[in-house]
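Chemist: Next up is a structure, given as structure tokens.
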Amino acid sequence: MNETQTFQLDGEDIPFAPGQSIMQAATAHGAYIPHLCWHPDFAAHGSCKLCTVKVNGRFGSSCTMAAQAGMSVENRTAELDDKRRTLLQMLFVEGNHFCPSCEKSGNCALQATAYELKMMSPHFDMFYPDRPVDASHPDVLLDFNRCIMCSLCVTASAEVDGKNIFYMGGRGLLGRRVHVSSESGRLGDTNFALSDRAASICPVGVILPKRRGFAVPIGERKYDKAPISAQVKERV
Amino acid sequence: MTTAMNAPVNLAAPPPRKLRVATTSLAGCFGCHMSLLDIDERILTLLDLVEFDRSPITDIKHCGPCDLGIIEGGLCNAENVHVLREFRNHCKIILALGACAINGGLPAQRNHLDLRDVLEEVYQTEVGLSHGGIPNDPELPLPLNKVHPIHEVVKVDYFLPGCPPPADAIWKLLTDLLAGRTPTLGHGLMHYD
Ligand code: SF4
Ligand code: SF4
Ligand code: FES
């Protein structure tokens, strides 16, 4: 039997190949499911929970759940988007996100997702954690204030670059963030290179090339032009 | 005022009452107020609909009963908190205008530093400065240990992000509010930077 199988995402038929996750099938079809830790090139990490959908009435992470024929999946409902907005607000107050002085602004997946979900304020009290900046590498700056613990750099450095430069570490709400695996903990003491896959994978403004500032004018940056939900295909 | 039941009634609708608006800049740079002025000639339309109470535009020093209070900037000293409370007590609706009011913004980037260290560096040890000592005039409001966004101190009804929010976003929000609609921005007007 070679008939294409489908499931329903907010009432729309989404075709899928056996083995694809709900997220993979939706993305291939151009349908947007909010997400932060999932990246089309890597296995799902399943940690941010932004991609939570309701499958036949029950909550599940669309990046880790296999698509099955006939599933009925709720995605952009007010109920789910409200919960997603709360997750985003927690990420914003647990780090230090000062977008006006962030080089990633306009090209940042966290920021663009917050716009998409109409996050007007952080809602919660701010934590203002004390997090360092690592400028020890000649070509790359690390600003840990903005890490959302998606682990994409960890995976990219291990699986693509074969270097294992990053790991998730630290304890507690505010201590946990990405760390550098050299003995000193400094990026300058690793063989990290600007050409590494891990150097361009960070969805937010942690891993940034040095000596590049406001290269793209405001108004022409990735998410100035169209909302993240309208750029699904470009990501694949 | 009471009217006798059968007194003649003026059937022409009275002109709608102008809404009273107060504005202030707390720990902000006045950039948000500049952006408000950037609505250009639309300010004339606005003035048909609103009148300003306490505001840097009027120089009225204290806030009377208002429909809308617009707050730029976060809280970096005791006076900021005092003014914010005055606004909340007198305004039916409070709008947090811009990044600093919403998350502390640029001033909050001092929050991971010790306040004494900051003052000592700025007033005493930094090369090239006059080293006059940390100012201690009783007229000066005491700085807070950390800079805070305004929603940590009072209830805030609406938030308009941006550093500063674009004039078109301010215009959209004000006209939505004046028309009694829930304000919406949409892509292009919603910016955190
Ligand atoms: S990482 Fe994104 S959300 Fe955080 S400050 Fe930078 S642009 Fe803003
Ligand atoms: S540094 Fe960036 S890519 Fe790495 S875990 Fe943090 S947010 Fe993710
Ligand atoms: S995208 Fe699925 S959990 Fe992060």
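The values are calculated or read from the model by the stated rules, or taken from the named source; none is laboratory data. All values derive from a computational prediction rather than experimental measurement. No Cβ is skipped: glycine too gets one built from the backbone with ideal geometry, and neighbour counts run over all protein chains shown. Side chains are part of the model used for accessible areas, which takes the heavy atoms of the whole protein and leaves out ligands, DNA and RNA. Shrake-Rupley method; radii C 1.70, N 1.55, O 1.52, S 1.80 Å.
Chemist: So, counting K/R as plus one and D/E as minus one, what does the shell of residues with Cβ under 14 Å around A:THR155 add up to?
Modeler: -2
Chemist: I would also like to ask the following. Taking the alpha-carbon distance from A:LYS54 and a cut-off under 26 Å, which lysines remain once sequence neighbours fewer than 8 residues away in the same chain are dropped?
Modeler: Within reach: A:LYS83, A:LYS118, A:LYS233.
Chemist: OK, next. Please work out the C-alpha center-to-center distance from region A:20-75 to region B:151-170 and express it in whole Å.
Modeler: 33 Å
Chemist: Let me ask something additional. How many Å² of accessible surface get buried when B and A come together, counting both sides, probe radius 1.4 Å, rounded to the nearest 100?
Modeler: 2100 Å²
Chemist: Given +1 on the Cβ of Lys and Arg, -1 on the Cβ of Asp and Glu, and no further charges, what dipole in debye does the protein assembly as shown carry about its Cα centre, rounded to the nearest 20?
Modeler: It comes to approximately 740 debye.
Chemist: Nearest-5 percent of antiparallel DSSP beta bridges in chain B?
Modeler: Of the beta bridges lying entirely in chain B, close to 20 percent run antiparallel.
Chemist: Around B:LEU106, what is the net charge, scoring Lys/Arg as +1 and Asp/Glu as -1 over all other residues with Cβ under 13 Å from its Cβ?
Modeler: Spelling it out: positives minus negatives among the neighbours equals -1.
Chemist: Just which residues of region B:166-193 lose 50 Å² or more accessible area with every protein chain there, against their chain alone, with the probe set to 1.4 Å?
Modeler: Flagged in region B:166-193: B:HIS187, B:MET190, B:TYR192, B:ASP193.
Chemist: Right, another one. With Cβ to Cβ distances under 15 Å as the rule, what net charge do the other residues near A:THR190 carry (K, R +1; D, E -1)?
Modeler: -3
Chemist: Pairs of Cα atoms under 8 Å, at least six residues apart: use those to get the relative contact order of region A:72-218, whole percent.
Modeler: Reported as a whole number, the value is 26 percent.
Chemist: So in the protein assembly as shown, what percent of DSSP beta bridges are antiparallel if you round to the nearest 5?
Modeler: 55 percent
Chemist: First check a/c for region B:132-173, with a ≥ b ≥ c the square roots of the eigenvalues of its C-alpha gyration tensor; if it is under 1.5, answer rounded, and if not, answer prolate when a/b is larger than b/c or oblate otherwise.
Modeler: Prolate.
Chemist: To the nearest 10 degrees, how steeply does helix B:78-90 sit against the main Cα axis of chain B, on a 0 to 90 scale?
Modeler: 10 degrees
Chemist: Among A:MET65, A:ALA44, B:ALA27, pick out the residue whose Cα is farthest towards the positive end of the charge dipole of the protein assembly as shown, where Lys and Arg carry +1 and Asp and Glu carry -1 on C-beta, about the Cα centre.
Modeler: Among A:MET65, A:ALA44, B:ALA27, the one farthest towards the positive end of the dipole of the protein assembly as shown is A:MET65.
Chemist: In addition: Find the accessible area per residue for region A:1-76; the probe is 1.4 Å, ligands and nucleic acids are left out, and the unit is Å².
Modeler: 48 Å²
Chemist: Have a look at A:ARG84, A:ARG212, A:ARG131 and tell me which one the Gaussian network model of chain A (Cα, springs below 10 Å) gives the largest fluctuation.
Modeler: The residue with the greatest mean-square fluctuation here is A:ARG212.
Chemist: Let me ask you something else. Would you mind giving the mean number of other chain beta-carbons within 10 Å of the Cβ of each residue in B:112-121, as a whole number?
Modeler: Per residue, the average neighbour count from other chains is 1.
Chemist: I'd like to know which of A:TYR32, B:TYR123, A:LEU9 lies farthest towards the positive end of the charge dipole of the protein assembly as shown, counting +1 on Cβ of Lys and Arg and -1 on Cβ of Asp and Glu.
Modeler: Result: A:LEU9, furthest along the dipole toward the positive end.
Chemist: So for B:ASP67, A:ASP130, what's the accessible-area order with a 1.4 Å probe, most first?
Modeler: Reading off the accessible areas and sorting them downward yields A:ASP130, B:ASP67.
Chemist: What is the percent carbon and sulfur in the accessible area of the protein assembly as shown, measuring with a 1.4 Å probe over the protein chains and ignoring ligands?
Modeler: Taking all protein chains in place, the protein assembly as shown shows 54 percent carbon and sulfur surface.
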